[in-house]
Amino acid sequence: MASFIGSILSSRDHPALVTGALQLVELLLIKSPTVYKGSLRKEGVLHEVSQIAVMELKVVLKPPPSPVEPSSSNTENGDCVPAPKVKTSSVPSDPQDAYVIRSRLIKIKYLTSTTESAGDASFDSLKGQITTLRNGNATEDEIRKALQEVAGKFSNLETGISSFELLKSGLVEELLAFATREESGGIRVPFSFA
């Protein structure tokens with residue numbers, strides 16, 4: 001479900017679908033945050049919520065008019081006609097503004113806690129393995145261990161790498177750079193898991 005919600009939020013093709021997806025996110029976080037927060041983070045849903053939250057509003061919301069005694073006017077025969085009432089609404093008129101405001105509320109309610117900054121341990125370990133591969137001074141054993149851990153993430157269905165993590169971590173680019181990097185003297189870096 002998190003992957004489906006993430007694809008809706010990342011495409012943002014239909015404002016009504018985005019609003020519905022944000023409602024699903026909020027419901028899941030209300031009902032069981034400990035169960036769903038990890039998968040929503042892993043699939044990039046919380047990242048998309050944060051990205052939407054920083055978007056500019058299309059229509060600037062004006063504060064409601066200050067309460068002023070309505071004036072009335074007199075007709076020719078002296079009858080008082082009350083001034084028309086002004087109807088104000090706090091609902092944004094633009095559909096994009098509606099989902100931007102909803103994502104800001106979700107971010108404030110569920111994504112500003114101190115535990116959120118800890119992030120996902122799986123993603124953090126992946127970033128550490130990428131750093132090891134990028135490190136020109138890493139030993140062959142450190143490189144082998146990092147490559148084995150990366151390979152292990154692909155084989156584990158429960159804690160494996162999501163498409164969001166694969167795209168945002170830079171793993172593919174770093175593996176390509178690692179595999180094609182030449183060390184001093186023209187010797188290629190060994191690329192084996194054994």
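None of the figures in this text is laboratory data; all of them are computed from the coordinates on show. Just so it is clear, the structure is predicted and the values come from calculations on it, not from any experiment. Cβ coordinates were reconstructed from backbone atoms using ideal geometry, including for glycine residues, and neighbour counts include every protein chain displayed.
Between Glu142 and Asp124, the contour length at 0.36 nm per residue exceeds the Cα-Cα span by 4.8 nm. May I ask which of Lys37/Lys153; Lys37/Lys58; Lys107/Lys168; Lys31/Lys153; Lys37/Lys127 have a Cα-Cα span longer than 22 Å here? Long pairs (Cα-Cα over 22 Å): Lys37/Lys58; Lys31/Lys153.
When Arg181, Arg12, Arg102 are arranged by Cβ crowding within 10 Å, least crowded first, meaning fewest neighbours, the order is Arg181, Arg12, Arg102.
Could you work out the equivalent-ellipsoid semi-axes for segment 121-180, taking the square root of 5 times each eigenvalue of the Cα gyration tensor, largest first, in whole Å? Walk me through the numbers on the way to the answer.
On the way: eigenvalues 70, 32, 19 Å².
Here the semi-axes work out to 19, 13, 10 Å.
Shown here for segment 1-57: GluC sites (Glu not before Pro) in loop regions (DSSP other than H, G, I, E, B) with at most 11 other Cβ atoms within 10 Å, namely Glu56. Among Phe178, Phe164, Phe154, the order by Cβ neighbours within 10 angstrom, fewest to most, reads Phe154, Phe178, Phe164. Across segment 121-180, the relative contact order, built from alpha-carbon pairs under 8 Å that are at least six residues apart, equals 40 percent.
Taking K and R as +1 and D and E as -1, what net charge do the other residues with C-beta under 15 Å from the C-beta of Gly20 add up to?
Numbers: positive: Arg12, Arg102; negative: Asp13, Glu26, Glu48.
Once positives and negatives cancel, what remains is -1.
List Leu28, Leu9 from most exposed to least, where exposure is judged by having the fewest other Cβ atoms within 10 Å. Each step should come with its number before you reach the end.
Values: Leu28 20, Leu9 25.
Ascending number of Cβ neighbours within 10 Å: Leu28, Leu9.
Distance between the modelled labels on Gln51 and Val35, one decimal in nanometres: 2.8 nm (7 Å Cα→Cβ projection).
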